[in-house]
Amino acid sequence: MPKISEIEGTPNPNALKFILKEPLTWGITHSYDSAEQAKNDPLATELFEIDHVTNVFYVDRWITVTQDGNANWPDLAREVADPIRAAPAAATQSETTIATAKTAISDLSSKDQLRLDRINALLDEEIRPYLQGDGGDLHIVGLKGNVLSVHYQGACGTCPSSISGTLRGIEGLLRSMEPDIEVVAV
């Protein structure tokens, strides 16, 4: 059972990041925007049963919980801490399990798959560590021509700066590789 080592604010005032002493997963992200999406995840289901919880995002040793803005964080943080502490820690997972869990975009040509791999490598190195440090992440959901569709997760999902500054920064970075690329958030 994971113990909470720290609780941090995020750039999104409606999200808190709980840093854990033991991992909940080994590299597999879990992101839910509703109780319906979380129905097969016991931890997320339990968190969505708490009033005001609107998003649950976790990976490895941290979990971000987002609220609707109508709750007092000190009270809500105490309430969400109980299911987090009661959750089972991650079991050892094989590389195959992790690789299978990562969503792949289907129907890409081999050339576009190589483009996507390069884009992901750059995002892994330059963008995702900062988003994860703030309690969120970024998931690529599509690549069609020169349009890359991304979905923000965790605290980034409802943060105003994700859709403006961060998105334009990502686009600027990716244009160093592909000058005509356009990045859109979905």
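A short reminder: the numbers here are calculations on the coordinates, not readings from a lab. Quick caveat: nothing in here was measured; it's all calculated off a predicted structure. FYI the Cβ positions are ideal-geometry reconstructions off the backbone, even for glycines, and counts take in every protein chain you see.
Of note:
- The chain - mean residue ellipticity at 222 nm from DSSP helices (-39,500 (n - 2.57) per run, n ≥ 4, rounded to 500): -9500 deg cm²/dmol
- Across the chain, the mean sequence separation of Cα contacts (distance under 8 Å, 6 or more residues apart), normalised by length, yields a relative contact order of 22 percent.
- Lysines whose Cα lies under 30 Å from that of Lys39, excluding same-chain neighbours fewer than 8 positions away: Lys3, Lys17, Lys21, Lys102
- For segment 103-185, taking Cα atoms only, Rg and Dmax work out to 12.2, 35 Å respectively.
- FRET efficiency, Arg118 to Val186 (Cβ-Cβ, R0 22 Å, nearest 0.05): 0.55
- Rg/Rh ratio calculated on Cα atoms of segment 4-86 (Kirkwood radius): 0.92
- What the Cβ-Cβ distance of Asp51 and Ser109 gives, at R0 = 45 Å and to the nearest 0.05, is a FRET efficiency of 0.45.
- For the chain, the share of DSSP beta bridges that are antiparallel, to the nearest 5, is 85%.
- Choice from Leu143, Leu114, Leu24 with maximal GNM fluctuation in the chain (Cα, 10 Å cutoff): Leu114
- Distance between modelled label sites at Met177 and Ala81, nm, 7 Å Cα→Cβ extension: 4.1
- Simple spin-label estimate for Glu8 and Asp60 in nanometres, 7 Å along Cα-Cβ: 1.1
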